[in-house]
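First comes the structure, then the notes that go with it.
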Amino acid sequence: MDRKKGKNRTNKKKIGALALALTLVLGGCAKEEEAPTARAAEYYQGLESGSAIAEVTTDSGVVMEYRLAVEWDEEGSVATVLAPEEIAGVRCRITENGARLEYEDAELETLLPNLPGFTPADCVDGLLDALAGAAPSEWTWEKKGEQECLALTYEMETGGYQAVKRVWLDRQTLALTQAQWYLDGNQMMSACFTDFQAQ
């Protein structure tokens, strides 16, 4: 009997040691999984300037498609319409002092809707702000076509809506690749990004 008790104690010790080792291993995995979001935030906090081509689709009852060349630096951003042809060349310049529409030599002070970061003109600004300063509510690894991506979800309230931004970053370079915007659960805008360059 005593020998059996001794064996049971030895087995319990072994199981306890294995459980502790498993906790250490899983604990290590949890720490490793926190790293992608911290790395992405650090990368976007450090950006001083950059540019990208954005193919933006909006759907507020009527589907509209835009091709924008977006440039940004520490003073603000400029989104230049490349398509549709009817408004190609129109620029929206956004700074801390407000927004301004520009076309050739003409300029017009304008107001953006009370949904910052949810219009084609300032959608990239809003993504950069979220990536640099907000904590994502969730993240995962996803494949977009052949591209391995870090998928991040940001939840917020804006203009009386429950808003969500989903953004996909290239796993290696952290470049913007795709994004989706939702208001009260309805997708109202999406974008694909190419030629992403940042410093």
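Worth pointing out:
- Placing R0 at 25 angstrom, the Cβ-Cβ distance between residue 129 and residue 86 gives a FRET efficiency of 0.25 after rounding to 0.05.
- Estimated FRET transfer efficiency (residue 156, residue 96; beta-carbon r; R0 22 Å; 0.05): 0.65
- Intensity falloff of region 77-169 expressed as log10 I(q)/I(0), Debye formula with alpha-carbon point scatterers, at q = 0.14, 0.24 Å⁻¹: -0.65, -1.18
- Separation of the residue 45 and residue 60 label points, Cα + 7 Å toward Cβ, nm: 3.4 nm
- The mean sequence separation of alpha-carbon pairs under 8 Å and at least six residues apart, normalised by the residue count of region 110-199, gives a relative contact order of 17 percent.
- In region 45-109, inverting the average of 1/r over every pair of distinct C-alpha atoms gives 12.8 Å as the Kirkwood radius.
- List 87, 53, ordered by accessible area with a 1.4 Å probe, largest first: 87, 53
- Cα-Cα separations in region 150-199 greater than 15 Å, expressed as whole percent: 49 percent
- Around the Cα centre of region 101-199, unit charges on the Cβ atoms of Lys, Arg, Asp and Glu (plus for the first two, minus for the last two) sum to a dipole of about 600 debye.
- Added length on full extension, which subtracts the Cα-Cα distance from 0.36 nm per residue, residue 146 to residue 69: 25.3 nm
The values are calculated or read from the model by the stated rules, or taken from the named source; none is laboratory data. Being a predicted model, the structure only gives us computed values, none of them experimental. Every residue, glycine as well, gets a Cβ built from its backbone with ideal geometry; the counts of neighbours run over all protein chains shown. Only protein heavy atoms, including side chains, enter the accessible area calculation; ligands, DNA and RNA are left aside. Shrake-Rupley method; radii C 1.70, N 1.55, O 1.52, S 1.80 Å.
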